[in-house]
Structures are given as structure tokens and as C-alpha cells.
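Colleague: My questions all concern the structure below.
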Amino acid sequence: MAYHPKSEFLRVMIDRGYLADCTDYQGLDEALIAGVVPAYIGYDATAKSLHVGHLMNIMVLRWFQKTGGKPITLMGGGTTKVGDPSFRSDERPLLDEAAIAANIDGMQQVFAKYLSYGEDGTDAIMLNNAEWLDGLNYLEFLRDIGRHFSVNRMLSFESVKSRLDREQSLSFLEFNYMSLQAYDFLELNRRYGCLLQMGGSDQWGNIVNGIDLTRRVLDHEIYGLTTPLLTTSDGRKMGKSQGGAVWLNGDMLSPYEFWQFWRNTTDADTGKFLKLFTELPLDECDRLGALEGSEINEAKIILAREVTTLLHGADAATAAEATAREVFEKGGTGDDLPTLTLDAAELGEGISIVQLIVRSGLAGSGKEAKRLIAEGGAKLNDAELTDAGLFMTPADLAEPIKLSAGKKRHALVRLG
RNA sequence: GGGGAGUUGGCAGAGCGGUCAAAUGCGGCGGACUGUAAAUCCGUUGGGGCAACCCACCUAGGUUCGAAUCCUAGACUCCCCA
């Protein structure tokens with residue numbers, strides 16, 4: 001990076017690896033030094049929880065607040081009704097109001113753990129773009145905003161090019177997404193003096209549009225900054241663990257499973273992840289990331305502990321770590337394993353082992369559970385399960401049982 | 001409005017009357033090797049059910065001894081022309 005920033009925020013961004021690109025390093029740097037800058041990141045409400053793919057940007061907001069900025073988390077209550085087509089090959093299903101509201105609710109729980117919200121100075125604020133988008137008048141919007149957009153230019157954006165090149169349809173609805181996001185930035189600048197929009201590098205085009213629009217309409221100079229698309233060292237997009245996305249909401253992925261995700265980080269990514277997802281000093285990250293052989297497992301445990309503590313709290317992180325030690329080092333059972341609790345009524349006469357494996361989340365379907373058993377990957381209290389027809393009666397479940405799928409995934413089943 | 005193409009398992013994509021629950025690749029899962037890592041190798045991979053068995057190639061009908069494959073209608077998607 002050629003530019004040597006004076007502001008603490010930009011320095012952190014560069015040093016810890018959060019920075020992919022910036023529209024104007026010097027202008028932004030000077031604005032940051034001059035006073036409290038409001039900056040926003042937008043989140044579409046497409047799922048009821050955020051996932052690790054969002055975590056880097058949340059950490060950026062956290063650092064932003066720590067270094068004297070005012071973070072704005074913008075929920076895409078309005079834009080989610082349109083759907084961002086950037087780098088997507090297909091149109092996503094549209095959600096209704098109720099689903100969007102529920103999703104926003106789930107997402108807000110996570111933000112509250114990383115940022116402190118309030119009214120003053122650098123307190124973060126939570127907004128929803130439905131506030132200004134829902135009431136838009138079409139003709140007014142076209143005349144005031146639409147006239148500043150060049151379709152020629154919009155079509156040249158990389159984010160939609162692949163879609164066009166492959167002759168996949170890009171609906172007019174989706175095509176308008178970028179003008180709406182640009183309008184968001186304009187509104188945030190007008191209402192809150194927001195000077196900076198941040199986002200993943202896939203948002204570059206959308207961000208630049210907002211900057212141009214704001215310059216044209218309000219004659220204000222504002223800035224954009226993007227974070228790199230995070231891939232694992234082998235080039236895959238990060239964020240999947242066994243069985244799906246790594247959700248941040250505890251009710252969708254338990255703290256123990258979250259902890260496990262980080263514990264299983266690839267060697268080569270450990271140092272990088274420590275910088276991006278923990279607040280440990282840089283030299284400590286470098287030292288830990290440079291450990292060789294099995295020693296690096298210690299670094300991964302620290303990574304898991306730090307990241308889990310930020311999200312779920314120190315107690316949850318400690319419990320997850322204790323359970324992991326119990327399960328992996330002693331081959332026992334920990335309290336913090338994902339647990340399926342059955343009540344006597346739903347148990348009735350009993351339940352098949354296949355159903356238990358499915359219900360406990362170790363397999364996605366009955367067939368999958370049977371396959372697991374057939375392949376010798378399923379264990380009941382650490383003994384290999386061979387009989388797929390095994391039927392568990394209430395008496396069999398008097399004591400909690402431990403089910404395992406492979407060596408790494410475990411769950412408890414108990415009567416409640 | 002007119003003309004054409006298409007809709008197959010999580011995704012991509014073969015199959016075009018029986019040998020098809022359906023090639024192949026990706027993804028997923030399990031195993032081996034290890035360090036709860038990566039890489040590699042091996043296996044496996046539609047769904048429901050304790051089971052017998054049942055449901056499944058867009059939907060609904062039909063033709064056939066027999067249909068993912070043929071016919072009819074409908075839904076949806078894409079392309080081209082206006």
C-alpha cells in the first residue's frame with residue numbers, strides 16, 4: 001500500500017488486512033482526522049441471521065467505532081424487496097414484509113454485540129432504508145435521481161456484466177437495485193452527514209454510484225472503501241462448515257459449533273484470521289500465525305476463543321473450549337455439545353435411531369443417517385452403530401446418550 | 001403481439017420408449033493418512049418409513065404391456081422480431 005495514512009482507522013484497516021480499495025485515500029484520511037465521521041455499511045435482510053461472511057465487515061465497523069468513528073448499520077428493509085443482482089447468476093426469490101422484518105430482527109441481535117448504540121458522539125445508529133425507500137414516488141425519483149444515471153455506464157459494471165455476457169436475464173427490478181443503493185448513500189449523507197460507505201469488494205460499483213450521485217445532487221464529496229473478498233488459502237469462498245453456513249446467531253449455530261469452526265481453520269489462514277477477526281495485537285497475531293506443525297493448534301484455539309468471546313461472550317467461549325477438550329482429548333462428553341431434548345410425550349413408545357440422528361442435526365435426512373450408519377461413521381456413546389433399524393425406547397434414553405457422526409460432530413440426546 | 005428454445009437430483013449437465021433413480025463434473029458426507037489442519041487416496045451421495053414398502057425427471061391428463069423419453073392442455077424461464 002503506497003499511501004501512509006495519518007488516521008488511526010485507516011492505519012488499522014491497512015495493517016490488519018481489511019482494505020481492498022478506497023476511492024480517495026487522502027480525502028478520506030483528512031476527513032477522519034478532522035472530526036467524527038459517520039460511515040455506513042448496508043445489509044440486506046435475506047436471512048434470519050448474519051453469517052461469517054459478514055463478520056469481517058462487522059469487525060471493520062467495530063474498529064471504526066473504536067478509532068473515533070460513528071458507525072451506521074443500515075438494514076436493507078427496502079432494498080431487499082428488490083434484490084441485489086451483483087455477481088449473481090440468478091434472481092433471488094423475493095421476500096415478503098414479514099420475513100424481512102423477522103430477518104432484520106435476527107440481524108440486529110448480532111450487531112448489538114459488536115457495536116455500542118446510542119445517541120451521542122460515536123454511538124452507532126441503526127437505520128432501515130425502508131424509511132425513505134418505501135414512500136418513494138416513482139416519477140419524482142426518476143426525475144430527481146434517475147436522470148443522473150447513465151444506463152450505458154451501469155451496463156458496463158463488472159457486477160452485471162457476467163450476467164449479460166451469459167445472456168441471462170437481468171430484470172428491470174434488479175437493475176434498479178444499484179440506483180436505490182446509491183440513493184441510500186445520498187439520503188444518509190443528507191440526513192446524517194454520512195461521509196463513507198464501506199462494503200465488500202463486490203459492492204464497489206454500487207458504492208461508486210452513490211458517491212457520484214451525491215456529488216451531482218448535493219455537490220458533496222464522500223468516500224467509499226471496500227474490504228477484500230475473503231477466501232480461504234486454497235481459494236474457496238470462506239464461510240461454510242459441516243452442514244452449511246456458519247451463522248452468527250446462537251440459535252442457528254451453537255457457540256460450541258461456532259468455536260469448532262474457528263478451531264478447524266486451515267494452518268495457512270490462522271495468522272490472517274487472527275488479524276481480521278480478533279483484536280489481539282498485530283505482533284501477537286504474527287507470532288501465533290507463524291507457529292509450525294502441531295503447535296499451531298494452540299493458535300487456532302486462541303483464535304476460536306477470541307472470536308467466540310466477541311460474539312457469544314467469555315463464558316460461552318470457555319464452555320465451548322472445555323467441551324472440546326473433553327470430547328477430543330479425553331473422548332468423553334461435554335455439556336456444551338449441541339443437545340436435542342425430547343419430552344416424554346413426543347417420544348411415546350420410542351423413536352428410531354435414524355430419527356434421532358436427523359433430529360439432532362447430525363444428518364440432513366433419514367437416508368443420509370442410514371448411509372452414515374452403513375459407512376460406519378455413526379456412533380452411539382462412542383460405540384459404532386451397525387443396526388440402522390435400532391429402536392430407542394424411553395428406557396434406553398433414561399440417561400443422556402451421545403451420538404456422533406464421524407470423528408468431529410457430536411450431539412447429546414436427553415429426555416426433558 | 002409474433003416466432004423459436006427450454007424446464008432432469010444441492011448446482012452444472014447427459015439421457016430422448018424398456019437394460020433409468022437416471023452418465024459425468026462440482027458440492028456434500030464417511031473412511032484412510034495426520035495435528036480436530038491442508039493436500040492426497042478410497043468409498044458414498046434423491047426423499048419418506050423401525051420395516052414391508054411407498055413417492056419421485058415442472059403440473060394435470062392421455063397413448064402404450066411399458067414413458068424422464070411420445071401426445072394434449074397448463075404453468076414458468078430464456079432468446080429473436082415488433
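The values are calculated or read from the model by the stated rules, or taken from the named source; none is laboratory data. Everything quoted here is computed from the prediction, not taken from an experiment. With ideal geometry, Cβ positions are generated from the backbone for all residues, glycine too; neighbour counts draw on all protein chains shown.
Colleague: Any idea which residue in segment A:274-298 is surrounded by the most Cβ atoms within 10 Å (Cβ to Cβ), counting only those that are assigned to a helix (DSSP H, G or I), more than 11 Å from RNA strand B (Cβ to nearest atom) and among the aliphatic types (A, V, I, L, M)?
Modeller: By that ranking, first place goes to A:Leu274.
Colleague: Sticking with this one: Name, by its number, the condition in (1) of a type in the set (Lys, Arg); (2) surrounded by 14 or more Cβ atoms within 10 Å (Cβ to Cβ); (3) within 30 Å of A:Pro394 (Cβ to Cβ) that does not hold for A:Lys367.
Modeller: Unmet for A:Lys367, out of (1) of a type in the set (Lys, Arg); (2) surrounded by 14 or more Cβ atoms within 10 Å (Cβ to Cβ); (3) within 30 Å of A:Pro394 (Cβ to Cβ): (2).
Colleague: From the set of residues in segment A:350-364 that are touching a helix residue (DSSP H, G or I) at 6+ places or on another chain (Cβ under 9 Å) and farther than 21 Å from A:Ser254 by Cβ, which is surrounded by the fewest Cβ atoms within 10 Å (Cβ to Cβ)?
Modeller: Checking each candidate, the answer is A:Ser352.
Colleague: Please determine whether any residue of segment A:330-338 is surrounded by fewer than 15 Cβ atoms within 10 Å (Cβ to Cβ), acidic (Asp, Glu) and modelled with pLDDT of 90 or more.
Modeller: No; the residues of segment A:330-338 include none that is surrounded by fewer than 15 Cβ atoms within 10 Å (Cβ to Cβ), acidic (Asp, Glu) and modelled with pLDDT of 90 or more.
Colleague: Which pairs turn up if I take residues in segment A:373-392 that are among the acidic types (Asp, Glu) and look for partners that are surrounded by fewer than 13 Cβ atoms within 10 Å (Cβ to Cβ) and in a loop (DSSP other than H, G, I, E, B) with beta carbon separation below 6 Å, at least 6 apart in sequence or on another chain?
Modeller: Listed pairs, sorted by first residue: A:Glu384/A:Gly376.
Colleague: Can you name every residue in segment A:339-354 that is within 11 Å of RNA strand B (Cβ to nearest atom) and not small (Gly, Ala, Ser)?
Modeller: A:Glu349, A:Ile351, A:Ile353, A:Val354
Colleague: What pairs come up if the first residue lies in segment A:128-141 and is surrounded by 18 or more Cβ atoms within 10 Å (Cβ to Cβ), the second is hydroxyl-bearing (Ser, Thr, Tyr), and their beta carbons are under 7 Å apart, counting only those six or more places apart or on different chains?
Modeller: Cβ pairs passing all conditions: A:Asn129/A:Thr79; A:Leu133/A:Thr79.
Colleague: Given the structure, is A:Ile357 assigned to a helix (DSSP H, G or I), within 11 Å of RNA strand B (Cβ to nearest atom) and over 32 Å from the mean Cα position of the chain (by Cα)?
Modeller: no
Colleague: Let me ask another. I need a count of the residues in segment A:373-392 that are within 12 Å of RNA strand B (Cβ to nearest atom) and under 18 Å from A:Ile351 (Cα atoms).
Modeller: The number of residues fulfilling the criteria is 10.
Colleague: Please verify whether segment A:400-415 includes one or more residues that are over 18 Å from A:Gly331 (Cβ atoms), of a type outside the set (S, T, N, Q), more than 6 Å from RNA strand B (Cβ to nearest atom) and out of contact with any strand residue (DSSP E or B) (no Cβ under 7 Å at 6 or more places or on another chain).
Modeller: no
Colleague: Just checking, which of A:Glu140, A:Glu187, A:Glu131 is at pLDDT 90 or above and either hydroxyl-bearing (Ser, Thr, Tyr) or touching a helix residue (DSSP H, G or I) at 6+ places or on another chain (Cβ under 8 Å) (or both)?
Modeller: Going through A:Glu140, A:Glu187, A:Glu131 in turn, the sole match is A:Glu187.
Colleague: While we're looking at this one, here's another question. Given the criterion farther than 30 Å from A:Glu298 by Cα, out of contact with any strand residue (DSSP E or B) (no Cβ under 7 Å at 6 or more places or on another chain) and either away from RNA strand B (no atom under 13 Å from the Cβ) or assigned to a loop (DSSP other than H, G, I, E, B) (or both), identify the matching residue among A:Asp336, A:Asp396.
Modeller: A:Asp396
Colleague: While we're looking at this one, here's another question. Could you look through segment A:169-186, keep only residues that are more than 23 Å from the chain's Cα centre (by Cα) and either outside any helix (DSSP H, G or I) or farther than 16 Å from A:Tyr138 by Cα (or both), and pick out the one that is nearest to RNA strand B (Cβ to nearest atom)?
Modeller: Checking each candidate, the answer is A:Ser169.
Colleague: Tell me which residues, restricted to segment A:306-321, are surrounded by 19 or more Cβ atoms within 10 Å (Cβ to Cβ) and over 18 Å from the mean Cα position of the chain (by Cα).
Modeller: A:Ala316, A:Ala317, A:Ala319, A:Ala320, A:Glu321
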